[in-house]
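The values are calculated or read from the model by the stated rules, or taken from the named source; none is laboratory data. None of these values were measured; they are calculated from a predicted model. Backbone-built Cβ (ideal geometry, glycine too); neighbour counts: all protein chains shown.
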Amino acid sequence: MKKLVTAIVVALIFNFQFSIFNWVSAQGTSPSPDDELTQKIKERLQQTAETGLQQIKLELEAQSNLPQKKAFVGKVTDITDSGFTLEYKSQTNKITVNDDTDYAGNPGSFAKIATDDFLIAMGYVYPEKDYLEAQRVSQVTAPKTPPARQLISGKIEEIDGNTVSLDGKTLTISSSTDFTVPGLEDPAVEDLALDDSLFAIVVLDQNGGIDEVNSILVIPGKNNPASLTPTNAPTATDSAQPPAEDDE
């Protein structure tokens, strides 16, 4: 009998402990109201972000399908029945015109457009098209190309008035030429001699010819008196010696 009572008591105690364990476990795994609220906020933010990204994607796709305002400038290199081609800085752009295209001033009309005209075309570029549909075409002044410069050097082979020749090239020295000869304050062409070493910076024209002589530096050669040292010039040794004392 005692054994039966003891067994019942042990069973009750074990059952009570197991119930407490289950209750504690349930309290540890069940989300609190704050956790549920946080989870709902996260889910809502995720949905909002996904919706926003999708909306942005749709707007970008819609914008990519819209015509883009563009303007191209350049020299006319080719003319067709429906437009022309502009070239500027090694880039070419096709331009198409229609009955609604406005021509400001010159050329005034499509028929007056000629090769080598410098134009600006404004209009729209449509997706998947490699040309601009011009709404307005105007003639503008072409930008000036910076002059090409070149260094010329060699021995003077011929002197004729204000021109000198070297290495098959003829240079004209003008009043605007920066002229330098070491040792001479105000050099002139008359101070030059054959076989002098000449260095010149020249400006080239569109055909590669010499258009202007900017500056000249001449190193006198053995045939030029400017290269000679005066015989009466004091030497470093002479200038370093003290004056002679008078004999008493």
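The table for this structure:
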| item | result |
| --- | --- |
| From the options Asp191, Asp186, Asp178, residue that is in contact with a helix residue (DSSP H, G or I) (Cβ under 8 Å, 6 or more places away or on another chain) and either surrounded by 10 or more Cβ atoms within 10 Å (Cβ to Cβ) or at pLDDT below 90 (or both) | Asp191 |
| Filter result for Gly161 (in contact with a helix residue (DSSP H, G or I) (Cβ under 8 Å, 6 or more places away or on another chain) and at pLDDT 90 or above) | yes |
| Residue check for Val189: more than 14 Å from Val218 (Cα to Cα), of a type in the set (A, V, I, L, M, F, W, C) and out of contact with any Asp or Glu (no Cβ under 6 Å at 6 or more places or on another chain) | no |
| The range 122-151, residues that are closer than 30 Å to Ile210 by Cβ and among the charged types (D, E, K, R) | Lys144, Arg149 |
| Strands (runs of 3 or more DSSP E) lying entirely in the range 49-162 (those with 1 or more residues that are surrounded by 10 or more Cβ atoms within 10 Å (Cβ to Cβ) and either small (Gly, Ala, Ser) or on the phi > 0 side of the Ramachandran plot (or both)) | 68-79, 83-88, 102-104, 118-125, 131-139, 148-155 |
| Filter result (of a type in the set (Val, Ile, Thr) and at pLDDT 90 or above) within the range 211-238 | Val213, Ile216, Val218, Ile219 |
